[in-house]
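The values are calculated or read from the model by the stated rules, or taken from the named source; none is laboratory data. All of these numbers come straight from a predicted model, not from anything done at the bench. Cβ placement follows ideal geometry from the backbone for every residue including glycine, while neighbour counts extend to all protein chains displayed. Side chains included, ligands, DNA and RNA excluded: accessible areas come from the protein's heavy atoms. Shrake-Rupley method; radii C 1.70, N 1.55, O 1.52, S 1.80 Å.
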Amino acid sequence: MHEENKVAPNGCGKIRGSTQNEAALLALMEKTGYSMVQENGQRKFGGPPPGWEGPPPPRGCEVFVGKIPRDMYEDELVPVFERAGKIYEFRLMMEFSGENRGYAFVMYTTKEEAQLAIKILNNYEIRPGKFIGVCVSLDNCRLFIGAIPKEKKKEEILNEMKKVTEGVVDVIVYPNATDKTKNRGFAFVEYESHRAAAMARRRLIPGTFQLWGHTIQVDWADPEKEVDEETMQRVKVLYVRNLMISTTEDTIKAEFNKFKPGVVERVKKLRDYAFVHFFHRDDAIAAMSVMNGKCIDGASIEVTLAKPVNKEGTWKQHFNGQISPGSENLLGFPNKEDGHQKSLGKPASLSVRLNGQQSPGPPEVERCTYSFFPGIKLTPISMYSLKPSHFSSAAMHLDYFCNKNNWAPPEYYLYSTTSQDGKILLVYKVLIPSIADGSQSYFMPDKLCTTVEGAKELAAQFTLLHLGKHKRFQL
């Protein structure tokens, strides 16, 4: 049920813990002229600000703020974030107790102000020893819908989603890698706003909702990684999807060389997608225009610019769920089924599938093999003398991480439960015994797996994610 409360001198119950704190909020409102409303577990300051005319700021103007002290409120936070520019809306997430939930969203009036806030306020010491985190907020308007019958066409899925949810703009469906007459068992549904997508997810998420007699899987689609325009202006690699499995790299190179011979440097094909490298950017742009929608071996291909990824930041991007489609550097575990791919455009082999859920995979490890000739000298080494890029699993990376910080190895404790359909579901709790400074020393993901290997990998990834958020711990 929708609840909305204006902040007033009486404090609306449990908004603040004292008259003094309520007075500080009222003083802020009087000074700035902004209104403040509490609704559905969040408190909105502004949105719009006084005198604002026209539509809200475009996407890309909002930042996410984490690690906020629980007893800190708008009267302290707003002046800090005003340093970067004019605030359109400040949304502080609230507990019923009156404490904040440790995070907030700040929408500025321009993208430049949002970028400046990230630059000057990320890792800002907001109180002695308390550092906040500030990053771009991804206003996700897209849902992942899994377990869709593979014979259903785009129009059928679009019409069905419009019947059961509001605000549907489009449905994105990809053909099966081996049979182009079928879909991959999932679709992406685009909504007109984040609110519309959130309301649809709330309606569909309980797990009892069915389409065509099938219980569907619903989650947020992994957001695409934002790449700045300056970087994209230098890209000379094309991302080609919807290829036939049987199509070879030589065939792709020949087809892309047709419009201008000799422009392709090399082709790297993986399953039903490929990366086509050009010697010059102008030729890549021209080829993208000519080749998009063309047929190769009977398949209509889609061609876009590949999005470059910072290799050093690959683990952090995986943990934040910000892997972008068409990113060549992010090849992880092979996925034998297409039906659980949750990231738009992301090839199925980029992530490990754990109980039908996408889980971040580690960076690519070179899998080339070399002949072992007699007489080759072998030198014994410790795995800890290697670099993180040599490890292809999160569990190994966590072990390496603990050693790097001079901690004892992680301890894994296995737990199980039974699903409604009788399956044994598993989860690991990870204990890091060496953390004795008041930090959380055990970690358990909120997802269950059907295999021991999957549960251990997911637990290790979850632990790395949370340890990586602490500035003093070095990944």
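Among residues other than residue 200 with Cβ under 13 Å from its Cβ, the summed charge is +2 (Lys and Arg +1, Asp and Glu -1).
A full extension of the chain between residue 250 and residue 27 corresponds to an added length of 73.3 nm, given 0.36 nm per residue minus the alpha carbon distance. When a 1.4 Å probe is rolled over the protein heavy atoms, the share of accessible surface on region 229-307 that falls to carbon and sulfur comes to 50 percent.
Each residue was assigned an accessible area with a 1.4 Å probe, and for residue 419 the value is about 30 Å². For the pair residue 385 and residue 446 in one chain, pulling the backbone fully straight at 0.36 nm per residue adds 18.7 nm over the alpha carbon distance. Rolling a 1.4 Å probe over the protein heavy atoms of region 29-136, with every protein chain left in place, gives an accessible area that is 52 percent carbon and sulfur. Cα centroids of region 79-95 and region 119-154: how far apart, whole angstrom? So the separation of the two Cα centres works out to 18 Å. Placing dummy labels 7 Å off each Cα toward the beta-carbon, the span from residue 231 to residue 198 is 2.7 nm.
Accessible area of residue 173 (1.4 Å probe, protein heavy atoms only, ligands and nucleic acids ignored): about 40 Å². The figure for residue 120 is an accessible area of roughly 80 square angstrom, using a 1.4 Å probe on the protein chains alone. For region 229-307, a Kirkwood hydrodynamic radius built from all Cα pairs, placed in the Stokes-Einstein relation at 4 °C and 1.567 mPa s, yields a translational diffusion coefficient of 106 µm²/s.
Across every pair of non-identical alpha carbons in region 142-220, the mean reciprocal distance, once inverted, gives a Kirkwood radius of 12.5 Å.
Net length available on complete extension from residue 97 to residue 130 is 9.7 nm, with 0.36 nm assigned per residue and the Cα-Cα distance removed.
In the context of the full set of protein chains, region 229-307 has a per residue accessible area of 50 Å² (1.4 Å probe). Here the label points at residue 257 and residue 178, each 7 Å from Cα along the C-beta direction, are separated by 3.2 nm in the simple model. Whenever you get a sec, compute what percent of the accessible area on region 142-220 sits on carbon and sulfur atoms (1.4 Å probe). Roughly 47 percent of what the probe reaches on region 142-220 is carbon or sulfur.
In region 78-173, which chymotrypsin sites (Phe, Trp or Tyr not before Pro) fall in coil by DSSP and have 12 or fewer other Cβ atoms within 10 Å? Here the sparse-neighbourhood loop sites are 96. What pairs from 44/119; 67/163; 180/253; 162/456; 111/182; 44/111 go past 30 Å between their alpha carbons? Over 30 Å Cα-Cα: 67/163; 162/456; 111/182. Taking all protein chains together, 29, 36 sort by accessible area into 29, 36, largest first [probe 1.4 Å]. Label-to-label distance, residue 285 versus residue 164, with points set 7 angstrom from Cα along the beta-carbon direction: 4.4 nm. In a DSSP loop and with at most 13 other Cβ atoms within 10 Å, the trypsin sites (Lys or Arg not before Pro) in region 79-178 are 83, 86, 153.
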